[in-house]
Amino acid sequence: MSSQRTHARGVRRGRIAVLALTAMVATVTAACGSDSDSGGGGSDSLVIAGWGGSFTAANKEAFYDQFQKDTGIKVTIATPGGGFAAKVAAQRAGNNIEWDLLEAPGGDTSKLVLDGNLEKFPASLVTEITPLVADGAIRPGPSEPYYLDHGGTVNLIGCNTKLVKKCPTNPREFFDVKSFPGTRGITANNPIFTSLFALAGDGVQPQQYFPVDVNRAMNALKRIKPNVQVWSTSPAQMQQAVVDGEVGIMQAPNTVLVSAMKQVPELKLYWDGGLLFDEGWCVPKGAKNKEAAFKFVKWYAEHRELQAKFTEKIYSGTGGRDMQKYLSPEVIKNLPINKTGVTLVDGKAGAKQQQELGKALREILVG
């Protein structure tokens, strides 16, 4: 195993992307970052924008605390919850970049690149980390080194067998509330997560996901809306809804559901129809402490044993080369990359529909 993209065996490749629900205004158009040096800004502090919940907690335990100890660089964690691309665009528009490094979820990475809102990795950094990371882990490619693969997750279905007599095993069954009754929760902090799930629930095949049929996706959501108890907007909310028994059936990332299983052993995961997302470390354009951010990326690449610790904690992959040498066979067997029925999402395609889908989904939620 090396990167999520390199080893997504048996994964159906849908031409669509993940996008953020929190569309915070207009898209900022900017030129792509130049291949400048890694200087600029201070180097004694680092503000990292995290996804939140168990994912950020695992990153802190595996990386942030040790990085701070090793380098003396103070790490501060912000948890915006989602909408990274829109929020960075808004910060750039206001000339106030608040974050230095992002735990950017899939789709957000592609949108950030598309809008020119990321710093390009310095050539010296790329040279240093290339032998340490998997082929294809520097993305979107060698000539566009804007982010490093980390934390690929699958959006799938979790079902509490203590609360639900007959669990839905795929999106179509999830949307069949008559045959598969039970309280439901749907991830709503990213409209592509939600829209693709709705299309799959309506019978659309992965090869037909893109361009997204907005009307069809929204109509499917309208039909199921009366049966959805929770429209979650953060990983912590998703996990809590499952742990508290507020919902019996939850659509959420595998990292969230695996963490919930520790408290809800009756929770069973269903991977068929799941969506695998392309995620990674990236530096916002104009970050105040970009030197420290690039130092973290290099440090991360050098510590594959800590990457293994992260993966063992949360069952999510990393960008390290030859990671199978650091992981147990049991962990490797249960990683998302080894699951059939999962579609690998192409972030570039769907990024273009971000605003349209975000607007349509908000109308569903408030309507």
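Could you pull the Cα extents of the range 95-177 along its three principal axes, largest to smallest, in whole Å?
56, 36, 20
Search the structure for amide H atoms under 5 Å from the amide H of Gly152, placed 1.01 Å from N in the peptide plane, and list their residues when 5 or more places away or on another chain.
Glu279, Gly317
As a check on your grasp of the helix formula, calculate [θ] at 222 nm for the chain: sum -39500 (n - 2.57) over DSSP H runs of n ≥ 4, divide by the residue count, round to the nearest 500.
-9500 deg cm²/dmol
Where is the GNM fluctuation largest for the chain (alpha-carbon springs, 10 angstrom cutoff): Ala308, Ala93, Ala351?
Sorting by GNM fluctuation, first place goes to Ala93.
What are the ³J(HN,Hα) values, in whole Hz, obtained from phi via the Karplus relation 6.51 cos²θ - 1.76 cosθ + 1.60 with θ = phi - 60°, for each residue of the range 44-49 in sequence order, with x given for Gly and Pro?
Once θ is set to phi - 60°, the couplings for the range 44-49 become 9, 8, 8, 9, 10, 8 Hz.
Under the classification rounded if a/c is under 1.5, otherwise prolate if a/b is larger than b/c and oblate if not, where does the range 154-219 fall, given a ≥ b ≥ c as square roots of the Cα gyration tensor eigenvalues? Intermediate values should be presented prior to the final figure.
Working: a/c = 2.21, a/b = 1.83, b/c = 1.21.
Prolate shape, in that a/c is at least 1.5 and a/b is the bigger ratio.
Considering only DSSP states other than H, G, I, E and B, which trypsin sites (Lys or Arg not before Pro) in the range 111-200 qualify as loop sites with at most 13 other Cβ atoms within 10 Å?
Lys162, Lys165, Lys166, Lys178
For the range 43-152, what ratio Rg/Rh do Cα atoms give with a Kirkwood hydrodynamic radius?
0.95
Could you give the alpha-carbon Rg of the range 226-339 over 2.2 N^0.38 Å, rounded to two decimals?
In units of the 2.2 N^0.38 Å rule of thumb, it is 1.27.
Report, to the nearest 10°, how far helix 214-224 tilts away from the longest principal axis of the Cα atoms in the chain, using its own Cα long axis and a range of 0 to 90°.
Tilt of helix 214-224: around 50 degrees.
At 37 °C and a viscosity of 0.692 mPa s, what translational diffusion coefficient does Stokes-Einstein give for the chain, taking Rh as the Kirkwood radius over Cα pairs? Give it in µm²/s as a whole number.
162
When only the heavy atoms of the protein chains count and the probe is 1.4 Å, how do Trp271, Trp51 rank by accessible area, highest first? Display every interim value, and only then the final one.
Details: Trp271 40, Trp51 10 Å².
These residues rank, largest area first, as Trp271, Trp51.
Looking at the chain as a GNM with Cα springs under 10 Å, which of Tyr300, Tyr326, Tyr147 has the largest mean-square fluctuation?
In the Gaussian network model the winner is Tyr326.
Using the per-residue mean of other Cβ atoms lying within 10 Å as a proxy for protection, in what order, highest first, do the peptides 277-283, 287-293 fall? Display every interim value, and only then the final one.
Values: 277-283: 27.6, 287-293: 24.3.
Ranking the peptides 277-283, 287-293 by packing returns 277-283, 287-293.
Mind listing the long-range amide H neighbours of Gly341? Cut-off is under 5 Å, sequence gap 5 or more, other chains count too, H placed in the peptide plane at 1.01 Å from N.
When sequence neighbours closer than 5 places are left aside, the close amide H contacts are Arg12.
Just the number please: accessible area per residue for the chain, 1.4 Å probe, all protein chains included, in Å².
Values: 14000 Å² over 367 residues.
Spelled out: the 1.4 Å probe surface of the chain, per residue, equals 38 Å².
In whole percent, how big is the carbon plus sulfur part of the accessible area of the chain, probe 1.4 Å, protein atoms only?
Numbers: 6840 of 14000 Å².
C and S fraction of accessible area: 49 percent.
Grab the Cα-Cα distance for Asp176 and Thr340, subtract it from 0.36 nm times how many residues apart they are, and report the gain in nm with one decimal.
Going from the current span to full extension adds 56.8 nm.
Among Thr130, Thr187, Thr311, which one shows the highest mean-square fluctuation when the chain is modelled as a Gaussian network with alpha-carbon springs under 10 Å?
Its mean-square fluctuation being the largest, the pick is Thr130.
The values are calculated or read from the model by the stated rules, or taken from the named source; none is laboratory data. A quick note: this is a predicted structure, and the numbers were derived from the prediction, not measured. No Cβ is skipped: glycine too gets one built from the backbone with ideal geometry, and neighbour counts run over all protein chains shown. Remember, those area values only see protein heavy atoms, side chains included, never the ligands or the DNA or RNA. Shrake-Rupley method; radii C 1.70, N 1.55, O 1.52, S 1.80 Å.
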